[in-house]
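Following: one structure in structure tokens, then a few remarks.
The values are calculated or read from the model by the stated rules, or taken from the named source; none is laboratory data. Keep in mind that what you see is a predicted model, and the values were worked out from it rather than measured. Don't worry about glycine lacking a Cβ; one is built from the backbone with ideal geometry, like all the others, and counts go over all protein chains shown. Accessible surface areas use protein heavy atoms only, side chains included; no ligands, DNA or RNA. Shrake-Rupley method; radii C 1.70, N 1.55, O 1.52, S 1.80 Å.
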Amino acid sequence: MSRVGKSPITIPAGVELSIAGNVVTVKGKLGTLTQEINPEISLEREGDVLTVVRPSDHKDHRAQHGLYRALIQNMIVGVSQGFAKNLELVGVGYRASHQGQNLELSLGYSHIFVLQVPNEVKLNTVSEKGKNPIVELASFDKQLLGAVASKIRSLRKPEPFKGKGVRYVGEIVRRKAGKSGAKK
């Protein structure tokens, strides 16, 4: 059995989980999420414990067993606690500011990037003197949060020579040596 798929999911207090056919809906204090699952994969609920059950050991069933268990677990954690990602802008003159859900990024190009961040994602920018600007993202939807953070990072990925670019806070960028000396 799948190590991920066989572990039960505990539903915390304040979270409502409903199963209608092959659609799972999770409601919590932060929002509501829905996920459609394969009709062959079944869900068994006993009190506040949910278990994902697969019909056979077929390769597709084994793969979906762990997948749907992880997706449902992320939905429950998201609506009860939420998720957060922080991005750091490393480079001279790199700036970040926001007005409402519009994020303005100056990343060393001749133009400024303006991104419309979805309403489900809370946006904040931190700019302190002497430190790199930080873009803080928070949401109850883990998939959407990762997609927005990835989009921002893709505007200027960290380069390996000077380490400049947009990176996740705590991300380690592997550095390369520059050009070696002239040939003799």
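List of remarks:
- Strands (runs of 3 or more DSSP E) lying entirely in segment 4-97 (those with 2 or more residues that are surrounded by 15 or more Cβ atoms within 10 Å (Cβ to Cβ), under 24 Å from the mean Cα position of the chain (by Cα) and hydrophobic (A, V, I, L, M, F, W, C)): 23-27, 49-53, 83-90
- With respect to the stated conditions, Glu120 fails to be acidic (Asp, Glu), closer than 17 Å to Pro133 by Cα and touching a residue at least 12 places away in the same chain (Cβ under 8 Å).
- A count restricted to segment 1-50 and to residues that are free of Cβ contacts under 8 Å to residues at least 12 places away in the same chain, touching a strand residue (DSSP E or B) at 6+ places or on another chain (Cβ under 7 Å) and among the acidic types (Asp, Glu) stands at 1.
- Looking only at segment 126-158, and only at residues there that are of a type in the set (D, E, K, R) and in a loop (DSSP other than H, G, I, E, B), the one that is least open to solvent (accessible area, probe 1.4 Å): Asp141
- Per this entry, Leu123 is counted among residues that are open to solvent by less than 30 Å² (accessible area, probe 1.4 Å), touching a His at 6+ places or on another chain (Cβ under 6 Å) and assigned to a strand (DSSP E or B).
- Number of positions in segment 164-179 that are within 18 Å of Ala96 (Cα to Cα), over 16 Å from the mean Cα position of the chain (by Cα) and part of a loop (DSSP other than H, G, I, E, B): 1
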